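Undergrad: Dropping a structure here in structure tokens format, bear with me for questions.
The values are calculated or read from the model by the stated rules, or taken from the named source; none is laboratory data. Since we're looking at a predicted model, the values are computed, not measured. In this analysis, Cβ positions are derived from the backbone assuming ideal geometry, glycine residues included, and neighbour counts consider all displayed protein chains.
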Amino acid sequence: MSRTASLEKGAGNGYACRMIDALDLACRLIACPSVTPADAEAQDVLAATLERVGFTVHRFTFGDAPNGPVENLFATIGSGSPHFAFAGHTDVVPAGRGWGTDPFHATVRDGWLIGRGAADMKGSIAAFAAAAQAAIARGFAGTLSLIITGDEEGPATFGTAPLLDWMVANGPTPGTNYVPDMCLVGEPTSAAVLGDTVKIGRRGSLNAWITVDGAQGHVAYPARADNPVTRLVAILARLKARTLDTGSDWFDASNLEVTDLTVGNPATNVIPAQASARLNIRFNDRHRGPDLETWLRGIVAEEAPSAVVKVRISGEAFLTEPGALSALVGDAIASVTGTQPALSTSGGTSDARFIRRLCPVVEFGLVGASMHKVDEAEFDDRAQANLRRGPRPRLLTVGRRRCRTGCGATPATPFRLVNRSGDPWIITTIPSFRPNLPASRRSRRRAPKRPSAT
Ligand SMILES: [Zn+2]
């Protein structure tokens, strides 16, 4: 049974149509095997759903094989400011082996939604699409948009970055643009319980490949050879010996890890001709990628002047300072879960690294414990608690609350999804643009991390 409801007519808007059923949309998206960079009609499904409820949808195909072509989508509803954007990706990682269900046929079982992309991040897309529609219907006066790519799990060259370029160069009317005031990326940031963590920044990432050539020879006559392993080990030792930093207010210490070391020499009595290594640096906001590259190349040049070095900086560190956006999102989460989320900069990179060029960006989404794993699934933790207590969880309705400042506005509320039997399901938030929680609940936010002395 799919939920249908007539939308309330909001202040001056004319969107009166069937509500997006977030669970149904999530299931239909999961049914598209959109293993990056394939789309498998996932964005057709999303675009049709959004257009049906009044979104204007722009479609883009960027790039060529082997990493493309990639489908991208920008959808917008409402008008004027503020302009709040949600960002996400419809591509998924390969299913892998060992699933208990068909990874591309969503299964709903015991309150769980199981399927590739349930957490990362078709579940989020479905939830924020429904939430955006609901917010407009409730009278949100501004613009809500969805920035959707099919190239997040891949190299991310034909996805969000060129899509943002288009948003900068184009707008609803000539001379305007689609640059949002703030953006929420729906990556699965929750750690243990839905709503426990919001990411306000990410470390940067640099990969380097170092290949050292030497002169092959008999191991008993080292003077007649030039061992590249000796040089490579010296390079890696010097690189690893440096303490890059001891962390910053919101970041852990930067770190370099050697991720591969290849010599491929099968003989015990031969000095090899070549040795190579690969390393990754996860760096915080005390560094810039090009500076680290210069340092690394300098060390290599001193130890092995003829070595070949290839560097790829896949993202710079960034931080959206705790402020209006994080408070907005934190308060919206707290109004549903009762707890303010911790602010974090942990984890890998995401497309937020591109969006931060345009506007403040934070990331918030479902519990990420199962992302990229077999039997990827998503669950409402409070529903889980209810299930433990009784045979059937009760539907908890999220009521709209009046603005406490007395302006009479009804802030958009966190949006709760319910599954087909009406049980609590997964939640995402549509932030209220007017924080409306007592200050005491806001102050629970994690204190900034201080640099440690080690
Ligand atoms: Zn993701």
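Undergrad: Based on this model, can you work out whether Val212 counts as among the hydrophobic types (A, V, I, L, M, F, W, C), out of contact with any Ser or Thr (no Cβ under 8 Å at 6 or more places or on another chain) and within 23 Å of Gln274 (Cα to Cα)?
TA: On the way: among the hydrophobic types (A, V, I, L, M, F, W, C): yes; out of contact with any Ser or Thr (no Cβ under 8 Å at 6 or more places or on another chain): no; within 23 Å of Gln274 (Cα to Cα): yes.
In short, no.
Undergrad: For Ser124, work out the one condition from (1) away from the ligand (no atom under 14 Å from the Cβ); (2) out of contact with any His (no Cβ under 6 Å at 6 or more places or on another chain); (3) closer than 17 Å to Ala352 by Cβ it doesn't fulfil.
TA: Result: Ser124 passes all but (1).
Undergrad: A follow-up question, please. Kindly evaluate Thr230 against the criterion of being crowded, with 21+ Cβ neighbours inside 10 Å and among the β-branched types (Val, Ile, Thr).
TA: Taking the combined requirement at face value, the residue does not satisfy it.
Undergrad: OK, next. All but one of (1) small (Gly, Ala, Ser); (2) more than 16 Å from the ligand (Cβ to nearest atom); (3) assigned to a helix (DSSP H, G or I); (4) under 22 Å from Leu163 (Cβ atoms) hold for Ala134; state the number of the condition that does not hold.
TA: In the conditions (1) small (Gly, Ala, Ser); (2) more than 16 Å from the ligand (Cβ to nearest atom); (3) assigned to a helix (DSSP H, G or I); (4) under 22 Å from Leu163 (Cβ atoms), Ala134 misses (4) alone.
Undergrad: Assigned to a strand (DSSP E or B) and either within 16 Å of the ligand (Cβ to nearest atom) or at pLDDT below 95 (or both): does that describe Leu184?
TA: So Leu184 passes the test.
Undergrad: Still on this structure: Wholly within the stretch 188-273, which strands (runs of 3 or more DSSP E) include no fewer than the required count, namely at least 1 residues that are of a type in the set (A, V, I, L, M, F, W, C) and modelled with pLDDT of 95 or more?
TA: 204-213, 255-262
Undergrad: Residue check: is Ala161 surrounded by fewer than 24 Cβ atoms within 10 Å (Cβ to Cβ) and in a helix (DSSP H, G or I)?
TA: Against the criterion (surrounded by fewer than 24 Cβ atoms within 10 Å (Cβ to Cβ) and in a helix (DSSP H, G or I)), Ala161 qualifies.
Undergrad: Quick one: is Ala317 of a type in the set (Gly, Ala, Ser), touching a His at 6+ places or on another chain (Cβ under 9 Å) and closer than 30 Å to Ile210 by Cβ?
TA: Yes; evaluated as a whole, the condition is true for this residue.
Undergrad: Sticking with this structure for a sec: Within the stretch 137-153, can you find the residues that are within 16 Å of the ligand (Cβ to nearest atom) and of a type outside the set (A, V, I, L, M)?
TA: Thr149, Gly150, Asp151, Glu152, Glu153
Undergrad: Consider Val229 against the criteria (1) within 32 Å of the chain's Cα centre (by Cα); (2) more than 16 Å from the ligand (Cβ to nearest atom): it satisfies all of them except one. Which criterion is unmet?
TA: The one condition Val229 does not meet is (1).
Undergrad: Can you tell me which of Gly115, Gly123 is in the same structural domain as Gly368 (by TED's automatic domain parsing), in contact (Cβ under 8 Å) with a residue 60 or more places away in the chain, in contact with a helix residue (DSSP H, G or I) (Cβ under 7 Å, 6 or more places away or on another chain) and more than 15 Å from Val45 (Cα to Cα)?
TA: Every option except Gly115 fails the conditions.
Undergrad: A further question follows. Test Thr173 against the stated conditions and say whether it is away from the ligand (no atom under 16 Å from the Cβ) and over 18 Å from the mean Cα position of the chain (by Cα).
TA: Numbers: away from the ligand (no atom under 16 Å from the Cβ): yes; over 18 Å from the mean Cα position of the chain (by Cα): yes.
In short, yes.
Undergrad: Please specify each residue of the stretch 301-318 satisfying the condition of being in a strand (DSSP E or B) and buried (at least 17 other Cβ atoms within 10 Å of the Cβ).
TA: If the condition is that a residue be in a strand (DSSP E or B) and buried (at least 17 other Cβ atoms within 10 Å of the Cβ), then Val309, Val311, Ile313, Gly315, Phe318 are the ones that fit.
Undergrad: Can you tell me which residue in the stretch 341-352 is farthest from Ile281 (Cα to Cα), limited to those that are out of contact with any Ser or Thr (no Cβ under 8 Å at 6 or more places or on another chain) and crowded, with 22+ Cβ neighbours inside 10 Å?
TA: The residue in question is Ala352.
Undergrad: Now, a different point. Quick check on Gly195: is it in contact with a His (Cβ under 9 Å, 6 or more places away or on another chain) and not β-branched (Val, Ile, Thr)?
TA: For Gly195, the condition - in contact with a His (Cβ under 9 Å, 6 or more places away or on another chain) and not β-branched (Val, Ile, Thr) - is not met.
Undergrad: How many of the residues in the stretch 342-367 are within 16 Å of the ligand (Cβ to nearest atom) and touching a helix residue (DSSP H, G or I) at 6+ places or on another chain (Cβ under 8 Å)?
TA: Total meeting the criteria: 10.
Undergrad: Could you pull out every one of the strands (runs of 3 or more DSSP E) wholly within the stretch 41-102 that has 3 or more residues that are of a type outside the set (Gly, Ala, Ser) and away from the ligand (no atom under 16 Å from the Cβ)? Show your work before the answer.
TA: Working: elements: 56-62, 70-78, 83-89.
Strands (runs of 3 or more DSSP E) meeting the threshold: 56-62, 70-78.
Undergrad: Of the numbered conditions (1) closer than 25 Å to Pro360 by Cα; (2) modelled with pLDDT under 95; (3) away from the ligand (no atom under 16 Å from the Cβ), Ala119 satisfies every one except a single condition; which is it?
TA: Evaluating Ala119 over (1) closer than 25 Å to Pro360 by Cα; (2) modelled with pLDDT under 95; (3) away from the ligand (no atom under 16 Å from the Cβ) leaves (3) as the failure.
Undergrad: Name the residue, out of Ala156, Ala191, that is within 16 Å of the ligand (Cβ to nearest atom) and over 25 Å from Ala253 (Cα atoms).
TA: Working: Ala191 fails: over 25 Å from Ala253 (Cα atoms).
When all the criteria are applied, what remains is Ala156.
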